[in-house]
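Beneath this line is the structure, given in structure tokens, with notes to follow.
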Amino acid sequence: VLSTVQDRGRPGLAYVGVSPSGAVDPELAAHCNRLVGNDDGAAVIETVGGLVLRAVGPVVVATDVEPVARALGTGSTLHVDVGERQWHYVAVRGGIDVAPVLGSRSTDTLSGIGPAPLERGDVLTVGVEPGVAPVGETWPVRPGGDVVRISPGPRADWFTDAAIADLAGRWAVAGASRVGVRLSGSPLERAVTDELPSEGLVRGAIQVPPDGAPIVMLADHPTTGGYPVIAVVHPADVATLAQHPVGTTVTLRPA
């Protein structure tokens, strides 16, 4: 489900309408890369789960599910199932070698820039052997946590005081993709009901559409949007929120 190639993404191109993309959880992807001796920004496979990979030659791999570098022989398979996290990563020693587009090997699911999402039967090439040896030891997995820090957004004044108060509380994750996470709870009431011209967006921006259900922008978010941004998630907490599967809950708290 939602298996794509990702690296650090394409930051700095919003002015020409290109989203940053890249791994939803860049820290976790970097950890997996370090285990196999890659640079932190080497291209990895990102997936929600249900992924089966078969080695067509000897490779060294690491995943966040089994955080240890290990060798796969020709014909060996690697299974990445749906787990407690929303997003999982597979690093292969040498990195996934697909053609870079605008300086990145990342798939942008919103615009279609970069390699196509993975499908059954796809064959991926591994890059050049890195100079650093694999690390054959486990590393402590970052605790998930359910508290996410937020700061007021540029259009916080478009919402009632009650909406601002309600935002800081418990929310259910109602939907998730690489573009964003939809939260479910008490609808947030607007004090200003005018139409809003499109404005720039950043990763972690919390937009509120007319139904009052907030949407938190993730890696493939659009560069502009017409819904008011009530708040912004702390950059260090965006991945924490994104890793909550649909049906779980998260607490938003003022930074």
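The values are calculated or read from the model by the stated rules, or taken from the named source; none is laboratory data. Quick caveat, the model's predicted, so the values are computed rather than measured. Glycine gets a Cβ as well: all are built from the backbone with ideal geometry, and neighbour counts include every protein chain shown. Heads up: the accessible areas ignore ligands, DNA and RNA and are worked out on the full protein's heavy atoms, side chains in. Shrake-Rupley method; radii C 1.70, N 1.55, O 1.52, S 1.80 Å.
Structure notes:
- Leading residue by the ranking (nearest to LEU35 (Cα to Cα)) among those in the range 100-127 that are within 21 Å of the chain's Cα centre (by Cα), surrounded by fewer than 16 Cβ atoms within 10 Å (Cβ to Cβ) and of a type in the set (Gly, Ala, Ser): GLY103
- If you go through the range 128-139 and pick out every residue that is open to solvent by 70 Å² or more (accessible area, probe 1.4 Å) and closer than 15 Å to ALA42 by Cα, you end up with 4.
- Residue list for the range 216-237, restricted to those being buried (at least 22 other Cβ atoms within 10 Å of the Cβ), closer than 14 Å to GLY180 by Cα and out of contact with any Asp or Glu (no Cβ under 8 Å at 6 or more places or on another chain): VAL216, MET217, LEU218, ALA219, HIS221, VAL232, VAL233
- Subset of the range 23-79 [charged (D, E, K, R), touching a helix residue (DSSP H, G or I) at 6+ places or on another chain (Cβ under 8 Å) and in a helix (DSSP H, G or I)]: GLU27
- Residue tally, condition at pLDDT 95 or above, in contact with a Leu (Cβ under 8 Å, 6 or more places away or on another chain) and surrounded by fewer than 20 Cβ atoms within 10 Å (Cβ to Cβ), over the range 55-70: 3
- The requirement of being aliphatic (A, V, I, L, M), open to solvent by 40 Å² or more (accessible area, probe 1.4 Å), modelled with pLDDT of 95 or more and closer than 25 Å to ILE113 by Cα is fulfilled nowhere in the range 183-201; no residue meets it.
- Of all residues in the range 117-136, those that are under 21 Å from ALA30 (Cβ atoms) have Cβ atoms under 8 Å from Cβ atoms of residues that are assigned to a loop (DSSP other than H, G, I, E, B) and polar (S, T, N, Q), 6 or more apart or on another chain, in LEU118/SER3; PRO130/ASN38; VAL132/ASN38.
- Search result, residues across the range 84-99 that are of a type in the set (D, E, K, R) and over 16 Å from the mean Cα position of the chain (by Cα): ARG93, ASP97
- Candidates SER3, SER19 - the one that is farther than 15 Å from VAL126 by Cα and touching a strand residue (DSSP E or B) at 6+ places or on another chain (Cβ under 7 Å): SER3
- Checked against the criteria, VAL98 does not count as in contact with a Gly (Cβ under 7 Å, 6 or more places away or on another chain), touching a residue at least 60 places away in the same chain (Cβ under 8 Å) and among the hydrophobic types (A, V, I, L, M, F, W, C).
- Looking only at the range 16-27, and only at residues there that are surrounded by fewer than 24 Cβ atoms within 10 Å (Cβ to Cβ) and touching a residue at least 24 places away in the same chain (Cβ under 8 Å), the one that is nearest to the chain's Cα centre (by Cα): PRO26
- Residues that are in contact (Cβ under 8 Å) with a residue 60 or more places away in the chain and open to solvent by 60 Å² or more (accessible area, probe 1.4 Å) within the range 71-89 comprise VAL82, GLU84, listed in sequence order.
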